[in-house]
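Data block below; observations after.
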Protein chains: 4
Amino acid sequence: MKTTILIHCPDQSGIISNVTGFIHKNGGNIIYIDQHVDKEAGVFFMRLESDFEKNIPIVQSLKQRFEKELALPYQMEWSLHLGSTKPRMALYVSKYNHCLYDLLSRFHSGELSVEIPFILSNHADLAYIADQFNIPFHHIPYSKENKLAAEEKHMSLLEDYKIDFIVLARYMQIITPKIIARFPNKIINIHHSFLPAFAGAKPYHAAFRRGVKIIGATSHYVTEELDAGPIIEQDVTRVTHAHSIKDFISKGRDLEKIVLSRAVKLHIDRKTMVYNNKTVIFS
Amino acid sequence: MKTTILIHCPDQSGIISNVTGFIHKNGGNIIYIDQHVDKEAGVFFMRLESDFEKNIPIVQSLKQRFEKELALPYQMEWSLHLGSTKPRMALYVSKYNHCLYDLLSRFHSGELSVEIPFILSNHADLAYIADQFNIPFHHIPYSKENKLAAEEKHMSLLEDYKIDFIVLARYMQIITPKIIARFPNKIINIHHSFLPAFAGAKPYHAAFRRGVKIIGATSHYVTEELDAGPIIEQDVTRVTHAHSIKDFISKGRDLEKIVLSRAVKLHIDRKTMVYNNKTVIFS
Amino acid sequence: MKTTILIHCPDQSGIISNVTGFIHKNGGNIIYIDQHVDKEAGVFFMRLESDFEKNIPIVQSLKQRFEKELALPYQMEWSLHLGSTKPRMALYVSKYNHCLYDLLSRFHSGELSVEIPFILSNHADLAYIADQFNIPFHHIPYSKENKLAAEEKHMSLLEDYKIDFIVLARYMQIITPKIIARFPNKIINIHHSFLPAFAGAKPYHAAFRRGVKIIGATSHYVTEELDAGPIIEQDVTRVTHAHSIKDFISKGRDLEKIVLSRAVKLHIDRKTMVYNNKTVIFS
Amino acid sequence: MKTTILIHCPDQSGIISNVTGFIHKNGGNIIYIDQHVDKEAGVFFMRLESDFEKNIPIVQSLKQRFEKELALPYQMEWSLHLGSTKPRMALYVSKYNHCLYDLLSRFHSGELSVEIPFILSNHADLAYIADQFNIPFHHIPYSKENKLAAEEKHMSLLEDYKIDFIVLARYMQIITPKIIARFPNKIINIHHSFLPAFAGAKPYHAAFRRGVKIIGATSHYVTEELDAGPIIEQDVTRVTHAHSIKDFISKGRDLEKIVLSRAVKLHIDRKTMVYNNKTVIFS
């Protein structure tokens, strides 16, 4: 039975040997360990993949002992995930289809170990892609007038379908603070610039005006401040004076879909932790 | 006799055929032509490498005819450079040696077709490198009190040595408006961030705080507004949560020297033109 | 009326000015010109985008005059393409869907100015994607016994649908010499290695065994010699000792689809020319 | 007292917890741990940085206990390095100066924690750089006739100066089997291609002939088979049809020096292990 344990706690001597000793003592074999110490903040982070020859009921007692023997004394925040459990992902889109197609074709090829209970959009345009892939599509238009009603519909869907995290695949509408608060570090956005340069609207236009020689895309967790959440992944590509804004947009599409897919995969594989508005990305 | 002609003018039909016809008619063979139209601004840019079987005195009459037959009717701003003329470059440094070593070892290997009449610094630390390479070193300390006197010394050196352009190889002092005005689009700086992100002081510290996954370096022409001049070249490298600010600085050094050297080479080869605070970089 | 002219001929003085003069004289406005001289082979290459205020019938006489005034005296091989004509592309696939999805979603977004009359496969697996995008799907199984019959069916389809070029989107079957001869430099393959390293079968396995730190993908025109045709585009991505062959394959998929799409776009935009088993890629 | 421990052994359950437990029990604080399992070969690799509040004499008894309690039962090959010990590096060069300047300027800036007892060359050309940096220079010409005598001189120098590892900074002469056997996985070469493509002589010429769109450089440990040793680091850069062989060489220089410096730094920081002709590169 494969498990992944994520831990963060104040940095102290002996954590690694005590945690690895605990796993060994309880019949687990450590497959992979990665850790990080944020020296400025004095915080220790660890991710452990282990293999236990045990069934799921026994996991409960394991968790209780971990809590008592390690988490309490070391003041750990921690979580244990069973490899057999697929997280449930809601896909939000608007009118652009490139990120959606990219995620769905990866999902379809078995590259992403995830459930996709529904696709949600503020526009009807991409309903046909949901049809192509046989995934329920919810069209919830958004206007100043229906703001509260729309938020309520979102919340109902997210709760009814037991959604674990949300992916904004070029969803061009603000996520409300209530939803952000309900899914902390669990809403993944793709912004079409190399953040923090060109946050906000029309980043390709701004990049063109500034005459940059490289453009980028950034995937980050959504926080209340626009485009300012913890960065998960970034990538860039070269441009020249000969490229028009239209060319920037076209080249950017390839970046956006690759960067978003990488970030989604890291999240699904539980390789991300967030601290002080920054991510630790485990290998 | 190799020549490079740079032209920009309002975009009109027939420029290419008229200019190439002029060169052909005057015994020149076109080796390479690159052009660009800024459609928004309606401006045409061209760079032509040609080979004339003529000696330098004849170039003068060629220039006069070009002025009359082409530059005037098409309202061109243009310049003609003889391949045999090496531009004269002043090297400004402070305490970091990596960009200086990189430029000097390229110069020494014949990679940069340039004269380096002197190295100038506001500190004495790198005088030994000037010695290693047998290049005069001028130490002009800078303080609030000697501001004007220092500027005067700079101007004298730049004039006496007939400097064509200045390279700031991690020179950590503001260039005065008077010098900038005297060398428009002829002062090349290297900024240790992916501009426009992290302009100003301590960009690696700012990048670290923001938790970016990629850092960069930018070479640009100096204008009065800090780190806001026309970008010549940029490049980036990956970082992770595991890298400290010290690591950023160390990885950044490799970017800085490569990006600055590329920009200097483009400038020397007369492959840059500036318009609307942006560069056209010819191939 | 937008036109693209492609030319190659022995390198001589005066070609650029004569060709641009011809276009100007005939009422054309040159939008973009790019040229290259292969100095070793003494061959001149040029690509010209022009705008003529003329209708298609007049193009015929233009072509005749170009042939007489320029092509004959300069021994040019040349072609003229109207911007309004979309080339017709046959898509060949086997069992992997990532390149197919990528090309079809770009096609669907209007990114590729092309017709796709059919998708052909030696397996039935991906018929559902052809259905998703409403494109005819032809399943032509391949075995030693039906070799000739299969080739004939291919030829019929290619002729009947007036196919201009073929894209092998991870088509895992040899293309017969007869088809290659019929479509010279018009069959685009994607090979999942950084050619010339790891030509042939199972390149990711070979790369893994050699312990490389970077893997690549290469798109090239198909010639009779396996994986040895003119390279159109390549790209690479980093790997480490921690990546398994499965990881190589997964990372490679992202390379393959991006590299193939770029090559297909270059071909559609008529930005490729082939000479001496190498490509000139115009900007 | 900082120490780095490198271990490899047959993969078994419990190694991590036992090793980390041993360090904790002996008063060490684990700063960083990185490990890897080669599943095909069934081999476990680990690198541990620890901080002991102990002085060097006590290290000896620590090593004895480690040997008895861990190394023997787990059949480990292992080594322990004190952070205060700088490895001693011999620099071999021929006529190109770019890698030499790059390494020496890094050394001079304190970037490389190493001793450089001497520079050795089969040519006298770069003696002046050794002078610039005040490092002894040994000129040992090489010819078929003096082969054995030269090898003897090399061996004497390497022994007399207690050299730990050798860096071939574009040294254009074969290293003899005897020297390779004496320094297994301790001779670092830079090859100017993206291996395994273009092994052997004149790789830029071969890359140009094949028409590749990307060129590379590879740093590897030297083994008897030419350019076939374990790869430490690789990097690449784009080229186009417009680049001549001379351009390849010039662009390649920047790759070579960066790739070699990275490999040297990884070796100095004891972040490399070799197994089955492949490297594990620790983070």
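Report yes if A:Ile58 is under 22 Å from D:Ser283 (Cα atoms) and without any contact (Cβ under 8 Å) to a residue 24 or more places away in the chain, otherwise no. Considered against the rule, which asks whether it is under 22 Å from D:Ser283 (Cα atoms) and without any contact (Cβ under 8 Å) to a residue 24 or more places away in the chain, A:Ile58 comes out as no.
Take the conditions away from every other protein chain (no Cβ under 11 Å), of a type outside the set (S, T, N, Q), within 27 Å of C:Ser250 (Cα to Cα) and touching a strand residue (DSSP E or B) at 6+ places or on another chain (Cβ under 8 Å) and apply them to A:Ile188. Does it pass? For A:Ile188, the condition - away from every other protein chain (no Cβ under 11 Å), of a type outside the set (S, T, N, Q), within 27 Å of C:Ser250 (Cα to Cα) and touching a strand residue (DSSP E or B) at 6+ places or on another chain (Cβ under 8 Å) - is met.
Answer with yes or no whether D:Met172 is farther than 30 Å from B:Arg106 by Cβ, hydrophobic (A, V, I, L, M, F, W, C), touching a Lys or Arg at 6+ places or on another chain (Cβ under 8 Å) and in the same structural domain as D:Thr223 (by TED's automatic domain parsing).
Working: farther than 30 Å from B:Arg106 by Cβ: no; hydrophobic (A, V, I, L, M, F, W, C): yes; touching a Lys or Arg at 6+ places or on another chain (Cβ under 8 Å): yes; in the same structural domain as D:Thr223 (by TED's automatic domain parsing): yes.
In short, no.
Do we find a residue being in the same structural domain as D:Pro10 (by TED's automatic domain parsing) and on the phi > 0 side of the Ramachandran plot anywhere in the stretch D:106-118? So far as the stretch D:106-118 goes, no, none of its residues is in the same structural domain as D:Pro10 (by TED's automatic domain parsing) and on the phi > 0 side of the Ramachandran plot.
Return yes or no: is D:Lys86 part of a loop (DSSP other than H, G, I, E, B), under 30 Å from D:Asn189 (Cβ atoms) and touching a residue at least 12 places away in the same chain (Cβ under 8 Å)? Break it down into steps so the answer makes sense when it comes.
Numbers: part of a loop (DSSP other than H, G, I, E, B): yes; under 30 Å from D:Asn189 (Cβ atoms): yes; touching a residue at least 12 places away in the same chain (Cβ under 8 Å): yes.
For D:Lys86, the condition - part of a loop (DSSP other than H, G, I, E, B), under 30 Å from D:Asn189 (Cβ atoms) and touching a residue at least 12 places away in the same chain (Cβ under 8 Å) - is met.
For beta carbons closer than 8 Å, sequence separation of 6+ or different chains, a first residue in the stretch C:214-227 that is under 17 Å from C:Thr279 (Cα atoms) and a second that is among the basic types (Lys, Arg), the qualifying pairs are C:Ser219/C:Arg262; C:Tyr221/C:Lys186.
State whether one or more residues within the stretch A:98-105 are assigned to a loop (DSSP other than H, G, I, E, B) and touching a residue at least 12 places away in the same chain (Cβ under 8 Å). No, the stretch A:98-105 contains no residue that is assigned to a loop (DSSP other than H, G, I, E, B) and touching a residue at least 12 places away in the same chain (Cβ under 8 Å). Taking the stretch D:134-169 as the range and being in contact (Cβ under 8 Å) with a residue 24 or more places away in the chain and closer than 22 Å to D:His98 by Cβ as the test, the residues that pass are D:Ile135, D:Tyr142, D:Phe165, D:Ile166, D:Val167, D:Leu168, D:Ala169.
Quick check on this structure: which one of A:Ile116, A:Ile129 is part of a helix (DSSP H, G or I), within 21 Å of C:Ser105 (Cβ to Cβ) and out of contact with any Ser or Thr (no Cβ under 6 Å at 6 or more places or on another chain)?
Values: A:Ile116 fails: part of a helix (DSSP H, G or I).
Being part of a helix (DSSP H, G or I), within 21 Å of C:Ser105 (Cβ to Cβ) and out of contact with any Ser or Thr (no Cβ under 6 Å at 6 or more places or on another chain) holds for just one of A:Ile116, A:Ile129, which is A:Ile129.
In the stretch C:18-77, the qualifying residues are those that are within 13 Å of chain B (Cβ to nearest Cβ) and in a loop (DSSP other than H, G, I, E, B), and the one that is farthest from C:Lys2 (Cα to Cα) is C:Lys39. Here is the figure for the stretch D:64-104: residues that are surrounded by fewer than 20 Cβ atoms within 10 Å (Cβ to Cβ), of a type in the set (Ser, Thr, Tyr) and within 18 Å of the chain's Cα centre (by Cα) total 2. Residues considered: D:Ala181, D:Ala149. Of these, the only one that is farther than 19 Å from D:Val222 by Cβ, in the same structural domain as D:Asn122 (by TED's automatic domain parsing) and among the hydrophobic types (A, V, I, L, M, F, W, C) is D:Ala149. Screening the candidates C:Ser61, C:Ser94 for the property of being of a type in the set (Gly, Ala, Ser) and in contact with a Phe, Trp or Tyr (Cβ under 6 Å, 6 or more places away or on another chain) yields one hit, C:Ser94.
Looking at this structure, is A:Thr218 farther than 21 Å from B:Arg209 by Cβ and among the polar types (S, T, N, Q)? Spelling it out, it is not the case that A:Thr218 is farther than 21 Å from B:Arg209 by Cβ and among the polar types (S, T, N, Q).
Taken over the stretch C:2-51, the criterion of being surrounded by fewer than 21 Cβ atoms within 10 Å (Cβ to Cβ), more than 25 Å from C:Lys86 (Cα to Cα), in contact with a strand residue (DSSP E or B) (Cβ under 8 Å, 6 or more places away or on another chain) and hydrophobic (A, V, I, L, M, F, W, C) is satisfied by C:Cys9, C:Val37, C:Ala41, C:Val43, C:Phe44.
Residue count for the stretch B:257-277 satisfying the condition of being over 11 Å from B:Glu233 (Cα atoms) and within 13 Å of chain A (Cβ to nearest Cβ): 6. Here D:Ile23, D:Ile31 are screened, and the one residue that is closer than 29 Å to D:Val167 by Cβ and over 22 Å from the mean Cα position of the chain (by Cα) is D:Ile31.
Does A:Phe165 fit the bill of being in contact with a helix residue (DSSP H, G or I) (Cβ under 7 Å, 6 or more places away or on another chain) and modelled with pLDDT of 95 or more?
Criteria met by A:Phe165.
Taking (1) within 10 Å of chain B (Cβ to nearest Cβ); (2) buried (at least 20 other Cβ atoms within 10 Å of the Cβ) in turn, A:Thr240 satisfies each apart from (2).
Take the stretch A:106-133 and flag every residue that is out of contact with any helix residue (DSSP H, G or I) (no Cβ under 7 Å at 6 or more places or on another chain) and either in contact (Cβ under 8 Å) with a residue 40 or more places away in the chain or facing chain C (nearest Cβ under 8 Å) (or both).
Looking only at the stretch A:106-133, we keep the residues that are out of contact with any helix residue (DSSP H, G or I) (no Cβ under 7 Å at 6 or more places or on another chain), and these are A:107-108, A:110, A:115, A:117, A:121-125, A:127-128, A:130-131.
Once the filter is applied, which keeps residues that are out of contact with any helix residue (DSSP H, G or I) (no Cβ under 7 Å at 6 or more places or on another chain) and either in contact (Cβ under 8 Å) with a residue 40 or more places away in the chain or facing chain C (nearest Cβ under 8 Å) (or both), the stretch A:106-133 yields A:His108, A:Pro117, A:Ser121, A:Asn122.
For the stretch C:249-283, which residues satisfy the criterion of being of a type in the set (Gly, Ala, Ser), touching a strand residue (DSSP E or B) at 6+ places or on another chain (Cβ under 8 Å) and at pLDDT 95 or above? C:Gly252, C:Ala263, listed by residue number.
Do you know which residues across the stretch C:223-237 are more than 11 Å from chain D (Cβ to nearest Cβ), in contact with a helix residue (DSSP H, G or I) (Cβ under 8 Å, 6 or more places away or on another chain) and of a type outside the set (Val, Ile, Thr)? Passing the criteria: only C:Glu224.
Can you tell me how many residues in the stretch D:172-211 are of a type in the set (Phe, Trp, Tyr) and under 15 Å from the mean Cα position of the chain (by Cα)? Steps first, please.
Taking the stretch D:172-211 and keeping what is of a type in the set (Phe, Trp, Tyr), we get D:183, D:194, D:198, D:204, D:208.
Next, only the ones that are under 15 Å from the mean Cα position of the chain (by Cα) stay: D:183.
Qualifying residue count for the region: 1.
Filtered by the rule that a residue be touching a Phe, Trp or Tyr at 6+ places or on another chain (Cβ under 8 Å) and either among the β-branched types (Val, Ile, Thr) or at pLDDT below 95 (or both), the stretch A:110-126 gives A:Val114, A:Ile116, A:Ile119. With respect to A:Arg88, is the statement that it is within 14 Å of chain B (Cβ to nearest Cβ) and modelled with pLDDT of 95 or more true? Against the criterion (within 14 Å of chain B (Cβ to nearest Cβ) and modelled with pLDDT of 95 or more), A:Arg88 does not qualify.
The values are calculated or read from the model by the stated rules, or taken from the named source; none is laboratory data. Not measured: the values here are computed from a predicted model. A quick note on method: Cβ atoms are made from the backbone with ideal geometry, for glycine too, and the neighbour counts reach across all protein chains shown.
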